[in-house]
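K.L.:
Sharing a structure, written as structure tokens. Questions coming.
What follows is calculated from the coordinates using simple rules that are stated; it is not laboratory data. What you are looking at is a predicted structure, and each value in this text was computed from that prediction instead of being measured. Cβ atoms come from the backbone with ideal geometry, glycine included; neighbour counts cover every protein chain shown.
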Amino acid sequence: MFWVLLGGYFLTVIFSIFKSLNPGDAIFDSIHVIAPFLLLPAMLIALEKDKTSIIWILRLQNIAVLVFMFYGGLQLYHAWQASESSHEPLLIDYTIASTLGNKNFFSETILMLLPFSLAGIWLLQSTWKWLSVLTSAIIILGILFLKTASVQAGMAAGLIFVLVVAMIFNNRSKNFFSTLKGWVLTTVVLGIVVYSLTRSQVYKDAIQKIRQTTSTFTKDASEEILVSDEVNRNSTFTRWFLWRNTFYLIRESPVTGIGMGNWKAYYAKYGVNGAYYLNTGANRFEHPHNEYLLMFCERGIVSFILWVAILVLLIFYAADNYRKLSKSSERFLMLCMSGGIVFFAVISLFGYPIYRSYSPLMLVLIAAVILHYRLSIVSNESKARSYLLFSPIALAGIFIMFVLVKRYQGEVNMTKAFNEQSRMHFDRMNKLVTEAESYYFPLDLTTTPLTWYKGFSFFHNQQTDSALVYFHKAELQSPYHIQVLNDLGACYENKGDHARAMQYFDKVLKITPLYEETMLNKIVTLYNTGNVEAAYRLLHSRTYEWTSLFLSCRRAIFGSVITELLGSDRNDSLVEVNSKKLSSDLWISGIESRTNGSFSHLKSVLAKEFQK
């Protein structure tokens with residue numbers, strides 16, 4: 001049954017590639033999903049051939065824990081030293097990452113090692129046993145100290161599950177729950193625990209954060225974002241808005257999904273706003289921070305059901321093994337492995353462990369241990385296995401290595417391209433982007449199409465027509481990428497096609513209503529079409545950074561009003577005096593402070609100014 005479910009799951013992944021906007025990128029994403037399970041047959045054969053394999057797994061994972069925690073401990077020590085020297089409290093942030101990507105990745109990895117550490121306490125002997133005790137304690141304390149809420153929730157859920165399963169199959173606990181006294185006592189204890197949790201400050205803070213987050217979506221998006229930014233600038237808000245958009249995408253194609261890798265291209269379709277870091281376009285996302293929503297969205301309900309069924313079946317096998325095995329050490333091993341499945345299932349609700357490196361490998365190793373004992377219970381005879389099985393796996397491995405090399409080469413060349421961009425060497429940048437781009441690397445790590453970078457280099461070399469070609473290619477690869485759409489509008493404005501430019505600017509502002517660069521570009525377009533009053537109103541719709549584009553827009557509007565006021569009866573000396581005033585941004589700001597953003601007031605104030 002397990003292999004049928006896994007095969008069906010793989011088919012849904014492969015099918016979804018054909019719906020992708022960027023098939024090469026979708027293949028890379030599918031490698032994350034499929035590749036770890038390609039090791040499962042080899043793990044099963046290794047466990048069958050060598051009966052000491054599990055012992056060595058339990059021993060070596062202790063070494064892995066010590067390596068990860070050593071580097072993590074060094075970072076914590078340096079962070080503590082920094083806090084001591086600055087007299088500020090110790091901050092546990094994403095700089096604490098051990099040898100891994102960030103503290104969340106770090107926490108997830110050591111959590112997935114915990115089942116093996118706990119199992120080692122029972123199965124290992126002498127020094128290794130006590131080392132397992134030490135590493136188990138280190139993992140639990142480390143997870144509590146790193147304060148990754150999703151991992152802490154996963155650890156709590158997994159340990160509770162292990163405890164419940166042990167109680168269900170334990171004769172003493174059965175006798176305890178067969179009496180009314182046992183149920184009453186259990187109910188009272190659970191009631192006290194739940195009451196204590198709901199009265200705790202942590203619970204109250206979490207509820208308040210959720211309420212503030214949900215209220216944000218009822219607000220007018222045109223509000224001054226800095227007012228609510230302090231409330232929304234957190235991971236709870238980010239996940240909430242990503243999940244909301246993902247639900248909308250699921251409704252578009254619930255059966256077959258929108259296509260592998262397409263979430264990152266479409267999530268902005270339903271709006272990206274509510275916090276400063278979103279409205280500036282600084283943050284782009286490649287995952288909704290929920291594995292189940294992503295697979296439902298991209299691959300459809302069948303893929304979602306198959307994956308959940310795989311996890312449930314593994315837990316069932318582990319529980320059934322626990323019931324049928326006679327050795328207490330092997331029974332405890334099954335308990336720990338079932339807890340590992342629960343760990344992975346819970347952290348998948350709030351993160352993306354499938355797309356990590358270590359976590360899915362640990363999941364597959366746990367599955368291999370469970371299946372190994374399942375097979376040994378079903379049949380005590382060793383089955384001869386053909387090594388021809390590894391031929392397709394080896395071919396798949398070669399292809400995976402090819403894709404990974406192409407991606408790595410692309411990332412290296414893009415790093416060089418960014419360096420050339422910072423030096424304003426756009427021709428060299430274009431060459432490096434061309435070398436970086438491949439079928440398997442169409443988007444960079446910020447989900448920006450590489451064709452956009454080509455268009456960017458042509459745009460800054462004043463080659464608008466060439467830039468348009470590549471910007472349109474980028475639009476096909478990522479139709480709701482606000483920078484791509486903004487630059488298309490800017491190109492059309494440069495060509496004098498105001499109507500087409502306005503279409504793209506309005507599309508951007510529908511996605512991210514407070515995206516400043518597009519708002520300023522729209523002001524330019526309104527001004528160029530003669531709608532000076534609308535341009536001025538938009539200029540005063542919010543507070544802008546004093547960029548060169550903002551200053552140019554403001555000066556142009558003032559100049560237009562002054563020209564209208566002077567009319568044909570111009571006093572050359574007066575024009576010269578006020579032209580000097582017009583070149584002063586401080587003078588313009590002083591005038592605006594008296595207008596309160598009203599265009600009619602601006603005209604009257606400037607009229608009085610010119611009468612002096």
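K.L.:
Starting at the first residue of the range 546-561, write each ³J(HN,Hα) from the Karplus equation 6.51 cos²θ - 1.76 cosθ + 1.60 with θ = phi - 60°, in whole Hz, x for Gly and Pro.
P.N.:
Ordered by residue, 3J(HN,Hα) equals 7, 7, 4, 5, 4, 5, 5, 4, 5, 5, 5, 5, 4, x, 5, 5 Hz.
K.L.:
Just to verify a number: FRET efficiency for K581 and Q75, C-beta to C-beta distance, R0 = 41 Å, to 0.05?
P.N.:
0.15
K.L.:
Too long at a 20 Å Cα-Cα cut-off: which of K454/K507; K19/K264; K19/K473; K495/K522; K580/K603?
P.N.:
Flagged as over cut-off: K454/K507.
K.L.:
Let me ask something additional. Please give the peptides 453-460, 293-300 ranked by average Cβ packing (other Cβ atoms within 10 Å per residue), highest first, as a rough proxy for protection.
P.N.:
Details: 453-460: 22.9, 293-300: 26.1.
Top of the packing list down: 293-300, 453-460.
K.L.:
Here's a follow-up. Post the alpha-carbon centroid distance, the range 118-154 to the range 436-485, in whole angstrom.
P.N.:
After rounding, the separation between the Cα centres reads 47 Å.
K.L.:
Can you tell me the order of 107-118, 52-63 when each peptide is scored by its average per-residue count of other Cβ atoms within 10 angstrom, highest first?
P.N.:
Ranked from most to least packed, the peptides come out as 107-118, 52-63.
K.L.:
Ranking request for peptides 422-430, 364-372: highest mean number of other beta-carbon atoms within 10 Å first, then the rest in descending order.
P.N.:
Result, highest mean first: 364-372, 422-430.
K.L.:
Now, a different point. Got a sec? How would S478, S329 order by Cβ neighbour count within 10 Å, fewest to most?
P.N.:
S329, S478
K.L.:
Could you derive backbone 3J(HN,Hα) for the range 150-162 from the dihedral phi with the Karplus parameters 6.51, -1.76 and 1.60 (θ = phi - 60°), listing whole Hz in sequence and x where the residue is Gly or Pro?
P.N.:
Working through the residues one at a time gives 5, 6, 4, 5, x, 5, 4, 5, x, 5, 5, 4, 4 Hz.
K.L.:
E84 versus S376, label points 7 Å from Cα toward the beta carbon: distance in nm?
P.N.:
Distance between the two pseudo-spin positions: 4.9 nm.
K.L.:
Would you compute, from DSSP H runs of 4+ residues alone, the mean residue ellipticity of the chain at 222 nm, taking -39500 (n - 2.57) per run and dividing by the full residue count, rounded to the nearest 500?
P.N.:
When only DSSP H runs of four or more count, the value is -25000 deg cm²/dmol.
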